[in-house]
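Structure first, then comments.
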């Protein structure tokens, strides 16, 4: 996944998630870019990690989520500088 380095909004989101998971922002950014989620999964509550893993294991569900109005709106918001 390609992440815009200069996106202020994405950086704010990344910092918030990083704080919640206890993972440094740059490490989290690199993991996301490399498609690695082990570190994030380990830091999540078991139920949240199971839900996230379920989405990752079912491409149709992921497509459905990514094509939702909410996901598109979030993407637009994050991709604006």
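Scanning the range 22-36 for residues being more than 20 Å from residue 78 (Cα to Cα) and within 12 Å of the chain's Cα centre (by Cα) gives a total of 1.
Evaluate the following for residue 48: is it modelled with pLDDT of 85 or more and either surrounded by 14 or more Cβ atoms within 10 Å (Cβ to Cβ) or in contact with a strand residue (DSSP E or B) (Cβ under 6 Å, 6 or more places away or on another chain) (or both)?
When the stated conditions are applied, residue 48 does not pass them.
Of everything in the range 41-52 that's assigned to a helix (DSSP H, G or I) and more than 12 Å from the chain's Cα centre (by Cα), which residue is nearest to residue 14 (Cα to Cα)? Talk me through it step by step, then tell me what you get.
Going residue by residue through the range 41-52, those that are assigned to a helix (DSSP H, G or I) are 41-43, 46-52.
If we keep only those that are more than 12 Å from the chain's Cα centre (by Cα) as well, we get 42-43, 46-51.
Details: 42: 17, 43: 15, 46: 21, 47: 21, 48: 18, 49: 18, 50: 21, 51: 20 Å.
Looking at the filtered set, the residue picked out is 43.
Take the residues of the range 1-14 that are part of a helix (DSSP H, G or I) and surrounded by fewer than 13 Cβ atoms within 10 Å (Cβ to Cβ): which is modelled with the highest pLDDT? If we take residues in the range 1-14 being part of a helix (DSSP H, G or I) and surrounded by fewer than 13 Cβ atoms within 10 Å (Cβ to Cβ), then 12 is modelled with the highest pLDDT.
To keep it simple, each residue is scored yes or no on (1) touching a helix residue (DSSP H, G or I) at 6+ places or on another chain (Cβ under 9 Å); (2) surrounded by 13 or more Cβ atoms within 10 Å (Cβ to Cβ); (3) not in a helix (DSSP H, G or I).
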| residue | (1), (2), (3) |
| --- | --- |
| 35 | no, no, yes |
| 39 | yes, yes, no |
| 54 | yes, no, no |
| 60 | no, no, no |
| 65 | yes, no, no |
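Of all residues in the range 21-31, those satisfying the criterion of being under 23 Å from residue 57 (Cβ atoms), touching a helix residue (DSSP H, G or I) at 6+ places or on another chain (Cβ under 8 Å) and part of a helix (DSSP H, G or I) are 21, 28, 31.
The values are calculated or read from the model by the stated rules, or taken from the named source; none is laboratory data. The model shown is predicted, which means the values in this text are computed figures rather than measured ones. All Cβ positions, glycine included, derive from the backbone under ideal geometry; neighbour counts span all protein chains shown.
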